[in-house]
Amino acid sequence: MATIEHAGSSYDVDEDGFLTKGMEEWNQGWVEYVKGLEGITDLTDEHWKVINALQDYYKKNGIAPMVRILSKTTGYPLKRIYELFPSGPGKGACKMAGLPKPTGCV
Amino acid sequence: MTGSIPTKEWMDVPAVFKEGNFCYPAKKSMVEYHKFPNPREWSPDQDDWKLPDGWEDIILKGLKERLDKFRSLKLFMDTCVRCGACADKCHFFLGTGDPKNMPVLRAELLRSVYRNDFTAAGKLLGRLAGGRPMTVGVLKEWFMYAYQCTECRRCSVFCPYGIDQAEITMMMRELLHLVGVGTNWILEPAANSNRTGNHMGLQPHTLKDNVSYLCDDIETITGIRVEPTFNRKGAEILFITPSADVFAEPGIYTAMGYLLLFHHIGLDYTFSTYASEGGNFGLFTSNEMMKKLNAKMYAEAKRLGVKWILGGECGHMWRVLHQYMDTMNGPADFLEVPKSPITNTVFENAASTKMVHISEFTADLIRNNKLKIDPKRNAHRIPTWHDSCNTSRAMGLLDEPRYVLDHVVPKWYEMPENTIREKTFCCGSGTGLNTGEIMELRMRSGLPRANAVKHVEDKFGVNTLACVCAIDRATLTALMDYWNPNVKVCGLSELVGNSLIMDGEKERETGLRFEPLEGMEG
């Protein structure tokens with residue numbers, strides 16, 4: 001476990017850089033920090049649509065959605081999600097939204 | 001590894017941990033959840049592993065208990081003559097070149113401590129008799145190499161004494177847990193499974209939604225609406241499959257295959273949101289954990305009043321079911337000997353466990369002409385067959401999937417003889433090693449498998465690697481992306497489902513992945 005300092009806030013993260021306390025600790029500053037990590041130039045409404053969809057789903061289900069459900073909810077095909085989040089829906093988008101990494105046979 | 005002659009005795013070469021060569025340790029919260037000893041923050045690449053006081057005694061006492069309890073362990077410790085037949089059979093040794101990945105030497109890591117403290121020769125002569133005391137260095141070595149073994153048991157096929165190296169690795173992992181040394185990628189799915197019924201952590205409503213989503217896709221592709229049921233009392237059959245089948249690609253296409261097949265034959269079956277996991281990461285943790293997680297299957301079958309259980313495409317699930325379940329949580333005398341309601345075939349081989357594998361079930365349907373199949377729908381695929389370690393070596397499922405494959409695709413090709421059936425090579429990432437932080441190790445340990453696939457890709461134009469295991473579907477995908485990027489991975493039931501001619505279907509334009517179907521007249 002490590003602590004990340006960014007723009008005056010500190011965040012506890014796991015080895016993969018996901019927020020240890022998840023959405024409890026998530027805020028705008030975290031989004032800005034992951035934006036830098038992901039190499040995203042401008043954060044657009046499209047990014048926010050994905051982040052909001054992930055968080056809404058997580059609140060109802062306690063887990064990240066299947067990728068295809070995320071595509072359906074946002075209306076973005078997987079290719080577009082990769083364009084928005086270069087390291088993908090799991091590593092990039094989930095990290096930015098403050099969701100944990102899925103485990104198991106995946 | 002340079003391949004040069006070692007300048008030091010193996011006992012004098014320490015295990016060195018660095019980022020990328022170890023699985024992340026179990027989070028404190030996970031260790032606490034399981035009520036395992038010594039929850040704490042720690043990391044293998046730091047010198048101090050924060051072991052509890054008296055940890056050496058805890059390990060030795062744990063070893064003694066297990067030697068008394070498991071006759072097999074005592075035998076495996078005593079009977080090895082170090083002939084070396086296993087040495088070059090391990091995919092981890094072939095991929096890493098690390099001598100401690102020779103199964104004989106991996107076992108020796110434990111056996112040396114056994115000799116030192118539990119045999120007369122070792123007590124008297126110590127290192128001269130191949131013994132060594134339990135030290136921090138030894139413990140670290142156990143952690144490194146017990147997690148560079150996938151318990152695939154290929155080495156055991158070649159062992160003249162039949163030593164089951166998987167059980168030695170299992171013992172090393174059990175002992176490590178006694179002092180709080182374990183990995184998160186195993187303990188978290190085990191916790192999820194205990195809490196929600198499955199590794200993914202899918203709650204009942206999420207599981208239902210996911211399956212329903214797959215039904216929507218099936219409807220879009222075939223025009224047929226399938227209506228699976230959940231937790232339905234009085235269903236004839238309980239169907240249990242790995243939860244990844246209803247969560248991640250490419251497993252979801254396998255699940256769509258099951259759904260189509262069951263609809264095709266009008267099977268009276270139900271899913272369960274309680275026993276919603278075929279896999280069992282307890283097998284990778286400890287015997288007690290395996291027993292606890294496995295208990296849900298029979299408990300749910302009893303509660304729902306089904307006649308028998310049908311199991312989906314998972315590898316290690318079948319090691320647990322076929323070799324441990326009956327004695328751990330059986331006898332399931334409230335169930336009936338499985339009998340196919342479609343063909344009336346009685347599965348005598350499952351008379352005791354009451355659980356039938358989907359490939360056995362499907363092969364029997366085909367053999368009795370109960371399926372309407374158009375193999376041309378899979379004409380865009382030229383598969384080869386990957387025998388999953390556990391279904392092949394732990395339950396002898398060798399010919400049924402091949403028989404199914406013969407009927408659902410126009411053509412497919414075998415990999416070389418010494419890499420299939422009982423001698424199949426592991427995906428390289430089983431037993432909870434399918435985690436991202438050791439990706440380089442995984443690509444190394446999967447190299448022998450990938451190499452055999454490359455052979456048939458070059459020779460026959462193979463473009464699909466078919467299998468019956470959820471870990472395979474996830475890990476072989478990564479392995480193929482790296483070594484053979486033109487080869488896609490799929491479950492056998494995906495090929496079955498895609499080939500079925502459904503009553504009332506619309507004209508098929510795409511496969512279950514929405515990929516266009518080539519050369520198909522419908």
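The helices (runs of 4 or more DSSP H) falling completely within region B:43-156 that include 1 or more residues that are more than 24 Å from B:TRP185 (Cα to Cα) and in contact with a Cys (Cβ under 8 Å, 6 or more places away or on another chain) map to B:103-118. Note on region B:441-470: residues that are more than 24 Å from B:ALA146 (Cα to Cα), of a type in the set (Gly, Ala, Ser) and out of contact with any Pro (no Cβ under 9 Å at 6 or more places or on another chain) amount to 1.
Of all residues in region B:8-29, which are within 14 Å of chain A (Cβ to nearest Cβ), assigned to a helix (DSSP H, G or I) and in contact (Cβ under 8 Å) with a residue 24 or more places away in the chain?
Listed by number, the list is empty, since nothing qualifies.
From B:HIS205, B:HIS199, which residue is within 14 Å of chain A (Cβ to nearest Cβ) and assigned to a helix (DSSP H, G or I)? Within the list B:HIS205, B:HIS199, the selection yields B:HIS205.
Would you call B:LEU293 outside any loop (DSSP other than H, G, I, E, B) and farther than 30 Å from B:MET30 by Cβ? Considered against the rule, which asks whether it is outside any loop (DSSP other than H, G, I, E, B) and farther than 30 Å from B:MET30 by Cβ, B:LEU293 comes out as no.
Being more than 14 Å from chain A (Cβ to nearest Cβ), without any contact (Cβ under 8 Å) to a residue 12 or more places away in the chain and more than 27 Å from the chain's Cα centre (by Cα) is the requirement here; does B:ARG232 meet it?
When the stated conditions are applied, B:ARG232 does not pass them.
Residue count for region A:57-75 satisfying the condition of being at the interface with chain B (Cβ under 7 Å from one of its Cβ atoms), out of contact with any Ser or Thr (no Cβ under 9 Å at 6 or more places or on another chain) and more than 17 Å from B:PRO250 (Cβ to Cβ): 0. Checked against the criterion of being away from chain A (no Cβ under 14 Å), free of Cβ contacts under 8 Å to residues at least 60 places away in the same chain, assigned to a loop (DSSP other than H, G, I, E, B) and not charged (D, E, K, R), region B:313-330 contains one or more residues that satisfy it. When region B:289-303 is examined, which residues are found to be hydrophobic (A, V, I, L, M, F, W, C) and either surrounded by fewer than 22 Cβ atoms within 10 Å (Cβ to Cβ) or touching a strand residue (DSSP E or B) at 6+ places or on another chain (Cβ under 8 Å) (or both)? Residues satisfying the conditions are B:ALA295, B:MET297, B:ALA299, B:ALA301. Residues that are closer than 23 Å to B:LYS8 by Cβ and not assigned by TED's automatic domain parsing to the domain that holds B:MET439 are absent from region B:51-72. The single condition from (1) under 14 Å from the mean Cα position of the chain (by Cα); (2) within 14 Å of another protein chain (Cβ to nearest Cβ); (3) of a type outside the set (A, V, I, L, M, F, W, C); (4) outside any helix (DSSP H, G or I) that A:GLY92 fails is (4). Just one of the numbered conditions (1) within 14 Å of another protein chain (Cβ to nearest Cβ); (2) within 30 Å of B:VAL337 (Cβ to Cβ) is not true of B:LYS296: (1). From the list B:ASN101, B:ASN116, the lone residue that is surrounded by 17 or more Cβ atoms within 10 Å (Cβ to Cβ), of a type outside the set (Phe, Trp, Tyr) and in contact (Cβ under 8 Å) with a residue 40 or more places away in the chain is B:ASN101. B:ASP245 meets all of the listed conditions (1) among the charged types (D, E, K, R); (2) touching an Asp or Glu at 6+ places or on another chain (Cβ under 9 Å); (3) away from chain A (no Cβ under 14 Å) but one, namely (3). Taken over region B:248-264, residues that are within 14 Å of chain A (Cβ to nearest Cβ) and either assigned to a helix (DSSP H, G or I) or of a type in the set (Gly, Ala, Ser) (or both) amount to 7. Name the residue that is farthest from B:ASP217 (Cα to Cα), counting only residues in region B:458-512 that are among the small types (Gly, Ala, Ser) and within 14 Å of another protein chain (Cβ to nearest Cβ). The qualifying residue farthest from B:ASP217 (Cα to Cα) is B:ALA478.
Within region B:152-177, residues that are touching a residue at least 40 places away in the same chain (Cβ under 8 Å) reach partners that are polar (S, T, N, Q) and crowded, with 24+ Cβ neighbours inside 10 Å with beta carbons closer than 7 Å, at six or more positions or on different chains, in the pairs B:ARG153/B:GLN165; B:CYS155/B:GLN165; B:SER156/B:GLN165; B:ARG173/B:THR285; B:HIS177/B:THR285. Look at B:ARG473 and say whether it is touching a Pro at 6+ places or on another chain (Cβ under 6 Å) and not in a strand (DSSP E or B). Considered against the rule, which asks whether it is touching a Pro at 6+ places or on another chain (Cβ under 6 Å) and not in a strand (DSSP E or B), B:ARG473 comes out as yes.
The values are calculated or read from the model by the stated rules, or taken from the named source; none is laboratory data. It should be emphasised that the depicted structure is a prediction, and the values quoted were computed from it without experimental measurement. FYI the Cβ positions are ideal-geometry reconstructions off the backbone, even for glycines, and counts take in every protein chain you see.
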